[in-house]
Amino acid sequence: MNTSSPSPSPLAALGIRTLSIVGEMGAMFIFLINGFLHIFSSPKQLRKIVNQMYFIGSKSLLVISLIGIFTGMVLGLQGYYTLVKFGSEGLLGAAVALSLIRELGPVLTAIMITGRAGSSMAAEIGVMRISDQIDALEVMDINPISYLVSPRIAASIICFPLLTALFDVIGIIGGYLTGVVMLGINSGIYFYRIESSVDISDINEGFTKALLFGIIVATVSCFQGYYTHLRKDGVGPEGVSNSTTSAVVMSCVLILITDYVITSFLL
C-alpha cells in the first residue's frame, strides 16, 4: 500500500512558497530592528563601526570610481547621439547628471557593493556559524547581533550615501570627458545645464535610495549568513556557499524593487 503523501496542487505550492517568502521577509525585518537597536548598546561599537566603514567604504573606492567614470562616459556617448537627432545636444549635461543622481548612481553603487562587500559579509558570518564561533560568543555572554550585525548595518548606512555621491561626481566627470573633450560640446553649456536642471529634490531622492539600499544589503547579507545552519539546501561549506549566493541575488532583487517603489512615490 502506497503511504506517500500526495504532492500539493500548483496553487497550493504557490501559496506555500508565498507564505515562506513573506515569513522570511518578516524575519529579516525583525532581524534589522534588533540589529539597529544594538548599534547604540555600547561605546565600544564605535571602533567596530569604523572597521566596517573601512571594509565597506574605503575598500570599495577603486571599483566605484572605475564603474562611475565608465558609466558617465557611456551615458555621455549614448546621450549625445540621441540628443543630436533632435538638435538638443546642449542638454547632455542635464541628461547625464539627472540619470546618475536619480537612478544609476544609487542602484549601480549598491549592486557593486553587494557583489564586493555583501557577499563577504554573508560568507564571513556563515563560516562563523558553521564553525560554532557564534555559539561561542553566546557562551561568553556576548550578543552576536551586537557584535557582528549592528556595526555592519551602521557602516552601510554611512557608507552607501557617501559612495553614491562619489559615483555621481565621477560619472558627471566621465560625461564631461565624452561630451566636451571628445565630442566638442561647449564646457560652459554642459555645466550650466547641470546647475539649472538638478534640484535639491533630485539629490535627496538619490540619497534616500542609497540609504535604504545600504540597510537592505547589510540586513540581507548578515541574515543569510547568520542563519546558514537552518538552510535546507545544504550544510557546512555548501550551506555557506548557498547563503552567499542567496544574499547577493536577494539583495539585487530587493534593490531594484525598492528603486521602483521609491521612484513611483517621489516622481
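For the range 178-196, a tally of residues being surrounded by 15 or more Cβ atoms within 10 Å (Cβ to Cβ) and touching a residue at least 40 places away in the same chain (Cβ under 8 Å) returns 9.
The residue list I21, I49 contains one member that is loosely packed, with under 12 Cβ neighbours inside 10 Å, part of a helix (DSSP H, G or I) and hydrophobic (A, V, I, L, M, F, W, C), which is I21. Close contacts from the range 229-240, counting a first residue that is over 16 Å from D135 (Cα atoms) and a second that is not in a helix (DSSP H, G or I), with Cβ to Cβ under 9 Å and a gap of 6+ residues or different chains, come to E238/R231; G239/R231; G239/D233; V240/G234.
Could you please let me know if G35 is exposed (fewer than 11 other Cβ atoms within 10 Å of the Cβ), assigned to a helix (DSSP H, G or I) and modelled with pLDDT of 80 or more? Answer is no for this residue. Please indicate, with yes or no, whether at least one residue in the range 124-141 is over 29 Å from S197 (Cα atoms), surrounded by 24 or more Cβ atoms within 10 Å (Cβ to Cβ) and touching a residue at least 60 places away in the same chain (Cβ under 8 Å). There is at least one residue in the range 124-141 that is over 29 Å from S197 (Cα atoms), surrounded by 24 or more Cβ atoms within 10 Å (Cβ to Cβ) and touching a residue at least 60 places away in the same chain (Cβ under 8 Å).
Among the residues of the range 45-66, those that are of a type in the set (A, V, I, L, M), farther than 14 Å from V149 by Cα and free of Cβ contacts under 8 Å to residues at least 60 places away in the same chain comprise L62, V63, L66. Looking across L211, L256, L267, one residue alone is closer than 18 Å to L100 by Cβ, at pLDDT below 90 and not acidic (D, E). It is L267.
Would you say A117 is assigned to a helix (DSSP H, G or I) and touching a residue at least 24 places away in the same chain (Cβ under 8 Å)? The answer is yes for A117.
If the condition is being farther than 30 Å from L98 by Cβ and of a type in the set (V, I, T), then the range 113-152 contributes I125, V127, I130, I134, V139, I142, I145, V149.
The values are calculated or read from the model by the stated rules, or taken from the named source; none is laboratory data. Worth saying up front: this structure is predicted, and the values here are computed from it rather than measured. Note: ideal-geometry Cβ built from the backbone for every residue, glycine included; neighbour counts use all protein chains shown.
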